[in-house]
Amino acid sequence: MEKRFSIGVLLESFRLPMQQAVEQARKTGVQGVQAYVHNLTASQQKELYMILKDNGLKLSAVCGDLGHGFGDPKFNPDLIERSKRILDTAKELGTDIVTTHIGVVPANPHHPRYRIMQDACGELAQYADSIQSHFAVETGPETAETLCAFLDSLRSTGVAVNLDPANLVMVTGDDPVKAVHTLKKYIVHTHAKDGRKLLDRDPEIIYHIVKPLEPVTDHAFIELPLGEGDVPFPAYLDALQEIGYKGFLTIEREVGANPTEDILKAADYLRHLI
C-alpha cells in the first residue's frame, strides 16, 4: 500500500547559502524544508518565505533550538519568551510546528529537574495551544516511554514530538518502531536520519547536562546515510502508517563530506520505500 508521507530536508544540511540551499532542495525533488529562522532578520525571514514559494516548497517546520534546554530555572523565563516568539514567527511563515531539544527528561519524576522542565514545557504547551501550534520535542535524550510519561503529565498536545529514529537508536538504544506506537498521539513531525550506537554512554553526558568524570575520547555513536545504519526504515515507515501519520519525513544529514549527494540518495531511498 502506498504510504502518504511528504519528504522534506533540513535546509541547513546542504551547508549552502539560503537561496542555493532552497534551489538544491527543489532539484532533489522534496516537497518541503525545515529551517532555522530565529537567527534571521525580519527581512531575511520574508525572503525565505518568498524563495520557498517561488520554488514550490512548503515549510515543514521551524527549528527553535536555543541550545540550552529547559533544565535550569534561571535561564527559563528568557528561553520561554524567546520560544514563544519563535512559535509566532513560524505561524507567520506558514507552519504550526517548531522543533527543539528540551534537555534530558529524567526517568524518575521525583528528580528535581523534572518539575523544572514540567513548568517550562507546561507554559509553552499552553501558549502553543492558544495559537493552535506545536512545540515539538526531538526524541533521543531519553526513551520514548520516559518522554511519553512526561508529555502525558502536561495534559496537552501543545508540546508534541519530532520523532528522530536515529537519535533513539544512537543514544538510548530504543526501538524506533515501538517508539512510534508509544508516542503516536504526540507525533507531528519526523526526521529521516540513520546511525548506529557504538557504546553505552549516559545521555546526560552526550547532551552536556553533566560533565564526565574522565575526558571522553571515543565516540558513543556514528551517524550514517539512510539505509546503512540500525534504523529499520521499512518497519518504521509501516508503523507511522499504522498510526495514521501523514506528515513529513525530513532528511537531516549532520556529517559527511558530500551532504548534497547524501541527501539525494536519502530522498531516493525514501521514495523507493514509499
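In the range 34-67, the qualifying residues are those that are among the hydroxyl-bearing types (Ser, Thr, Tyr) and within 20 Å of the chain's Cα centre (by Cα), and the one that is surrounded by the fewest Cβ atoms within 10 Å (Cβ to Cβ) is Tyr36. Output yes when any residue across the range 188-202 is without any contact (Cβ under 8 Å) to a residue 12 or more places away in the chain and either touching a Lys or Arg at 6+ places or on another chain (Cβ under 7 Å) or loosely packed, with under 15 Cβ neighbours inside 10 Å (or both), and no when none is. Yes.
The set of residues in the range 135-158 that are assigned to a loop (DSSP other than H, G, I, E, B) and out of contact with any Asp or Glu (no Cβ under 9 Å at 6 or more places or on another chain) contains only Arg155.
Look through Val177, Val216, Val161, Val171 and report the one residue that is under 14 Å from the mean Cα position of the chain (by Cα) and either without any contact (Cβ under 8 Å) to a residue 40 or more places away in the chain or in a helix (DSSP H, G or I) (or both). Working first, answer last.
On the way: Val177 fails: under 14 Å from the mean Cα position of the chain (by Cα); Val216 fails: under 14 Å from the mean Cα position of the chain (by Cα); Val171 fails: under 14 Å from the mean Cα position of the chain (by Cα).
Exactly one residue qualifies, and that residue is Val161.
Considering only the range 53-87, state which residues are of a type in the set (A, V, I, L, M) and without any contact (Cβ under 8 Å) to a residue 60 or more places away in the chain. Leu57, Leu59, Val62, Leu66, Leu79, Ile80, Ile86, Leu87, listed by residue number.
Considering (1) modelled with pLDDT of 95 or more; (2) in a loop (DSSP other than H, G, I, E, B); (3) surrounded by fewer than 22 Cβ atoms within 10 Å (Cβ to Cβ), the lone condition that Phe70 does not fulfil carries the number (3). Number of residues in the range 61-118 that are in contact with a Leu (Cβ under 8 Å, 6 or more places away or on another chain) and hydroxyl-bearing (Ser, Thr, Tyr) equals 3.
Is one or more of the residues making up the range 108-127 of a type outside the set (Phe, Trp, Tyr), in contact (Cβ under 8 Å) with a residue 12 or more places away in the chain and in a strand (DSSP E or B)? Outline the logic, then answer.
The first filter runs over the range 108-127 and keeps only residues of a type outside the set (Phe, Trp, Tyr), leaving 108-113, 115-126.
Subset that is in contact (Cβ under 8 Å) with a residue 12 or more places away in the chain: 109, 113, 116-126.
The next check asks that each one be in a strand (DSSP E or B); those that pass are none.
Checked against the condition, which is being of a type outside the set (Phe, Trp, Tyr), in contact (Cβ under 8 Å) with a residue 12 or more places away in the chain and in a strand (DSSP E or B), the range 108-127 yields no hits at all.
Looking only at the range 28-35, decide whether some residue is farther than 16 Å from Glu92 by Cβ, part of a helix (DSSP H, G or I) and β-branched (Val, Ile, Thr). Within the range 28-35, one or more residues are farther than 16 Å from Glu92 by Cβ, part of a helix (DSSP H, G or I) and β-branched (Val, Ile, Thr). One residue stands out among those in the range 225-266 that are modelled with pLDDT of 95 or more and touching a Gly at 6+ places or on another chain (Cβ under 6 Å): the one that is surrounded by the most Cβ atoms within 10 Å (Cβ to Cβ), which is Phe248.
The values are calculated or read from the model by the stated rules, or taken from the named source; none is laboratory data. Every value quoted in this text rests on a predicted model; they were computed, and no experiment measured them. Cβ: placed from backbone, ideal geometry, glycine included. Neighbour counts: every protein chain shown.
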